[in-house]
Amino acid sequence: MTSRAPIAVALDAPDLDTAAHWAGLVTPHVSTLKIGLELYLRFGPDAVASVRGPRGVDVFLDLKLHDIPATVGGAARAVAKVRPDLLTVHAAAGAAAIAAAVQALPDTRIVAVTVLTSLSNRDLDELGMAGPVSDAVLRLAALAVAAGARGLVCSPQEVAAVRAEVGPDITLITPGVRPAGQASHDQARVATPQEALRDGADLLVIGRPITSAPDPGAAAAALATALRRREPAAG
């Protein structure tokens, strides 16, 4: 069987039946299913159970925990029963919060979110954060890895610099990935899947270009095929 593409499909569905239906269509082609905050808050552990099944793909629980260390650690322990393969924590919560999540879930890859892909340099100025975005991402990436994070979320525009900063052993996950010609929606910093992988990404988060397609399975298969075609040209 052909290996699955390094794509995390964002299952931003309105109900569990839809999420499970999408999961069934895309899992022959992709490596990861991503459950976001809205779906998890609505349905809790049932959201994970509905999409995981026997399919053998990774479950990425994208809760972006951001609180004091004790609360982040407690929240991470609270989701231990659903056995997420990946769990996100905001790097801006600080090193102690990241370390608390790592300690709470030693068998889960704790992934630190650097700067949301919806934010621009102007947004950082308004928030009072030292920019530009590229500098803020590198600062937060270094902090998170030192605290024990084994993965990072950054936009495709920063992924090459982050890879140079943290080395080859950290999983780099890139939202803001859009096939050529697709709308960017609420993402401010975007690139195509091929560009993101070329620059060092390990996992591409793709939602609406797949789930809003008339046939999500066919859309996932087409993207997977396109990514396999670029492999010989990599390097």
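The values are calculated or read from the model by the stated rules, or taken from the named source; none is laboratory data. Source: prediction; values computed, not measured. Virtual Cβ from ideal backbone geometry, glycine too; neighbours counted across all protein chains shown.
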Among (1) touching a Lys or Arg at 6+ places or on another chain (Cβ under 9 Å); (2) more than 23 Å from K34 (Cβ to Cβ); (3) modelled with pLDDT of 90 or more, which single condition is R122 missing?
-> (1)
So, in segment 168-210, of the ones that are acidic (D, E) and either modelled with pLDDT under 90 or more than 24 Å from D85 (Cα to Cα) (or both), which residue ends up surrounded by the fewest Cβ atoms within 10 Å (Cβ to Cβ)?
-> D186
Check on A149, in a loop (DSSP other than H, G, I, E, B), at negative phi and touching a strand residue (DSSP E or B) at 6+ places or on another chain (Cβ under 9 Å) | yes
The residue that is farthest from H66 (Cα to Cα), considering only those in segment 118-138 that are assigned to a helix (DSSP H, G or I) and within 19 Å of the chain's Cα centre (by Cα), is S134
Counting only residues in segment 1-59 that are among the basic types (K, R) and surrounded by fewer than 21 Cβ atoms within 10 Å (Cβ to Cβ), the one modelled with the highest pLDDT is identified as R42
Can you tell me how many residues in segment 94-117 are assigned to a helix (DSSP H, G or I), touching a Leu at 6+ places or on another chain (Cβ under 7 Å) and either among the basic types (K, R) or buried (at least 21 other Cβ atoms within 10 Å of the Cβ) (or both)?
-> 1
Given segment 11-72, what helices (runs of 4 or more DSSP H) lie entirely inside it while holding 2 or more residues that are touching a residue at least 12 places away in the same chain (Cβ under 8 Å) and within 24 Å of A99 (Cβ to Cβ)?
-> 37-43
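V102: at pLDDT below 95 and among the β-branched types (V, I, T), yes or no?
no
Which of the residues spanning segment 1-24 are farther than 20 Å from R42 by Cα and more than 16 Å from the chain's Cα centre (by Cα)?
Listed by number, the residues that qualify are M1, T2, S3, R4, G24.
Mind checking which residues of segment 153-167 are hydrophobic (A, V, I, L, M, F, W, C), crowded, with 24+ Cβ neighbours inside 10 Å and free of Cβ contacts under 8 Å to residues at least 60 places away in the same chain?
Of everything in segment 153-167, those that are hydrophobic (A, V, I, L, M, F, W, C), crowded, with 24+ Cβ neighbours inside 10 Å and free of Cβ contacts under 8 Å to residues at least 60 places away in the same chain turn out to be C154, V159, V162.
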Could you list, in sequence order, all residues of segment 60-81 that are surrounded by 14 or more Cβ atoms within 10 Å (Cβ to Cβ) and among the β-branched types (V, I, T)?
-> T71, V72, V79
